[in-house]
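Beneath this line is the structure, given in C-alpha cells, with notes to follow.
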Amino acid sequence: MYQEVHARMCGIMGYVGPRQAAPLILDGLRRLEYRGYDSAGIAVANGDIHVRKAEGKIGRLASLLETDPLHGTVGIGHTRWATHGVPSDVNAHPHRDPSGRFVVVHNGIIENFHELRERLSAEGHLFESETDTEILAHLVALEYDGDIVAAVRRAVAHAEGAYALVVMTANEPGRIVAVRRVSPLIVGLGDGETFLASDIPAVLQHTRDFLIVEDGELVVVDADGATIEHIEGGRVDRAVMHVDWDAEQAEKGGYEHFMLKEIHEQPAVITETVGGRLDGEGEVWLEDVHFDDAFARAIDRVWITACGTALHAGLVGREIFQRILRLPTAVEYAHEMRYADPLVSAPSLTVAISQSGETADTLAAARLARQKGSRLLALTNVVGSTLSREADDVLYTRAGPEISVASTKAYMAMLIGEYLLALRIGRARGVVDEALSQRVAHGLHLLPAQVEHVLQAENDVAKAAHRIADAQDVYFIGRGLDYAVAMEGSLKLKEISYLHSEAMPAGELKHGTLALVTAGVPVIVVLTQGAVYDKTMSAVQEVKARGATVLAVAYEDDATIGAFADEVLRIPRTDDLLSPVASIVPLQLLAYHVARLRGHDIDQPRNLAKSVTVE
Ligand code: M6R
C-alpha cells in the first residue's frame, strides 16, 4: 500500500484543465492545512504569471483573492512551513524569476542554497526573498531555451538536497513540470483535467485515480494526464493507483494514527535535519547558530532546559556533550529551574529544547538563564516561535509539524540537532579531531537506513506488545545513554497506554524498586552501551531471578541477551554514541501497539495538550 512517510510538511497543489484554477487550488490547500503552514500563495498562468500570496492562514489568501481574483485555468499553489527565512508575505511561495515569466513552488531544502545564491548574486541576480526557492526560479529561467522540461532538468542538476519542485511558465501555457527528489508528489487524474499535489487529501474530492511520482523522477502534467520520466531522461511506465480512503485516512497517509505516521517519518526527519549541515568530513554548518569559535572555546558549562520528551532529548544531549566535549552539562526541568535561582552565569551556553517553542515553563527558564548572562540557544521545531525569537542562536529541527500529542519525530530531530551541535562546538574547542568528526558524520549518514530497518520489524514489536498490554506496572532500565532512552520509552508508554510506568538507571533498581518486581512484571531493558553492558546484564539477571518478564532492546549481533530475555527487539549495530536514535524506535512502536491493544485515543490522550502554553 502507498503510505506517505515524509516529514517536510509544506503543501503543494497544481491544476491544469477547463475549470478556474485558483478556487480549486485554494480548496486543495485548505485540505492540506493539517500539515501545518505559516503562509500560502497561488500563481495562475494567463498570458502572464499572476501571483497572490500572504503570510498567515489561508483565510488571508482567500480575502486577497476575493478583492483581486486570479483568472485562468492553469495554476500552482503552496502552503509554506518556514525553513529559509521567517514567515512573511515576501517569503511565501510562489516565487518568480526577474522576468516574471517563470514561477515555482517547492517543498524541502536546497542544501547548496548559499553557494548557488552567492554565484547568482555575483552574476548580478537580485533576490526579493530570503528563500532557497527563489533561486530555483532564477535557475530555471537561466536554463530556458524554449523547452521548459529541458530547462527544469538542467536547473535541478545544480540543486542538491531533498525536495519537490513545481514549475510553470507563461511561455508554455497548459502544462506544469515537477521534480521529486525525496519530497512527495502525486498526480490526480481527472476527466480532461489533471491535478498535482504533495499529498492525496488535496485532490481526493476530484478523483480517486493517482500516479505516484517516485524519488528521482520528473513529471509533465497537462489537461490530458501526465508523463513521468527519470530526471536524467527516459520514460517511466507507472500504473494508476485507485484509492478508496476517506478524507481522514488520507490525511494520515494511510496510517491508522498520526503517531504511527510520524514514527515512520523518522528516517526522513533525520535526513532533513542533517541536510546541508554536515559533510562527510564532519564539518558542520548550522545556519542560525551565530556564536563564533572564540565563544565556543570559552563556554565553561552547558545548561539544558526543557520539559517532557524534550527534556529526555536533553538527557541524551548531556551524555553527548559530556562525552564528546568533556564539558560539565546540567539538564534541568524548566519548571524547576525557573524557581530554583540556578547558578547560571557567563560564559555558559543554555540550550532550551522545545518542539513547539511555546512551552511556558521552558520559555521562563530560558529567559532567566539569559538574564543571568548565559547565551541562549533554542533547539526547536517551529520557525518564528517565541523561543526562536528570543534566543541568540537557533537550531531548527526540521521535523515538520507534529500532530500527535505523543512526541516521536520531534524527539528524533532533537537528538540529531544535539549531535550536530556537539560537533560544531567540539571542532571549535579542538576536542573533536577529524577522525571523531568523520566517525560521527559517517554514523549519522547511516542512521536513516538503520531506523528504516527497525521500522520494518514493526510486526515483532506488535507481537511483543501483547506481553505488556494487561500489566499494572512496567519498569524501564538502562545505563548512560540507554537510561536516557529508557526515560523517553517510559513516558511514551504511560502517556498513551495509561499504564503506570517508571524508568530508572539500572543500578538504582536494587535501591528500592526491586521490591516491586515480582513474577510477570514487565521490565524493559535498553542494552546498547558496550562500556556498561555487563553491569546492566547483572540487573537483568536480578529481575529475571524474581520472575520478571524481560523485554530487551539490543543490537542484532548481541548473542548473550537472548538467553535472559523473553523478547528481544533488535536494532542494527551503530556507534554506541549514536544508539539512542535507533533504540528509541522499538519503544515508540511498543507504546503505540500497547495503547492500540488497550483501545485508547492514541493521537489525543486524555488530559494532555500538544503544547503546554500555561504554567
Ligand atoms: O513543545 P515542547 O517540546 O516544549 O513540549 C514539551 C512537552 O510538553 C512534550 O514533550 C510532552 O511531554 C509530549 N506530549 C510528550 O510526548
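Read-outs: derived from the displayed coordinates by stated rules, not from any lab. Since we're looking at a predicted model, the values are computed, not measured. For neighbour counting, all protein chains shown are included, and Cβ atoms are generated from backbone atoms with ideal geometry for every residue, glycine included.
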(request) Starting from the Cα gyration tensor of the chain, take the square roots of the eigenvalues, sort them a ≥ b ≥ c, and report rounded, prolate or oblate (rounded when a/c is under 1.5, otherwise prolate if a/b is larger than b/c, else oblate). (result) prolate
(message) Within 10 Å of each candidate Cβ there may be at most 12 other Cβ atoms; applying that plus a DSSP loop requirement, which GluC sites (Glu not before Pro) in the stretch 194-299 survive?
(response) Glu232, Glu281
(message) Using 5 Å bins from zero, what percent of all Cα-Cα pairs in the stretch 272-392 falls into each bin?
(response) 2, 12, 21, 25, 23, 12, 4, 1, 0
(request) Mind checking the stretch 511-615 for trypsin sites (Lys or Arg not before Pro) that DSSP puts in a loop (not H, G, I, E or B) and that have at most 12 other Cβ atoms within 10 Å? (result) Arg606
(request) Please turn the phi angles of the stretch 548-558 into ³J(HN,Hα) values with the Karplus equation 6.51 cos²θ - 1.76 cosθ + 1.60 (θ = phi - 60°), one per residue in order, whole Hz, x for glycine and proline. (result) 4, 8, 9, 10, 10, 9, 8, 5, 4, 9, 7
(request) Multiply the residue gap between Ala469 and Glu130 by 0.36 nm, knock off their C-alpha separation, and tell me the result in nm, one decimal place. (result) 117.0 nm
(message) Using the Kirkwood radius over C-alpha pairs as Rh, can you work out the diffusion coefficient of the stretch 11-251 via Stokes-Einstein at 10 °C, viscosity 1.306 mPa s, in µm² per second?
(response) 91
(request) Would you mind telling me the antiparallel percentage of the DSSP bridges in the chain, rounded to 5? (result) 60
(request) Count charges around Val440 for me, please; just the other residues with Cβ under 13 Å from its Cβ, Lys/Arg as +1, Asp/Glu as -1. (result) -3
(message) At most 14 other C-beta atoms within 10 Å and a DSSP loop state: those are the exposed chymotrypsin sites (Phe, Trp or Tyr not before Pro) I care about. Give me the longest piece of the chain that has none.
(response) 3-284
(message) Please state the shape class of the stretch 457-597: rounded when a/c is under 1.5, otherwise prolate if a/b exceeds b/c and oblate if not, all from the C-alpha gyration tensor.
(response) rounded
(request) Filter the cross-link list Lys494/Lys544; Lys510/Lys535; Lys261/Lys409; Lys53/Lys252; Lys409/Lys463 down to pairs whose alpha-carbon distance in this structure exceeds 18 Å. (result) Lys494/Lys544; Lys53/Lys252; Lys409/Lys463
(request) May I ask you to sort Leu165, Leu578, Leu64 by Cβ crowding, counting other Cβ atoms within 10 Å and putting the fewest first? (result) Leu64, Leu578, Leu165
(request) Report the label-to-label distance for Arg119 and Ala340 in nanometres (one decimal), using points 7 Å from each Cα along the Cα→Cβ vector. (result) 5.0
(request) Could you work out the relative contact order of the chain, using alpha carbon pairs under 8 angstrom and six or more residues apart, expressed as a whole percent? (result) 11
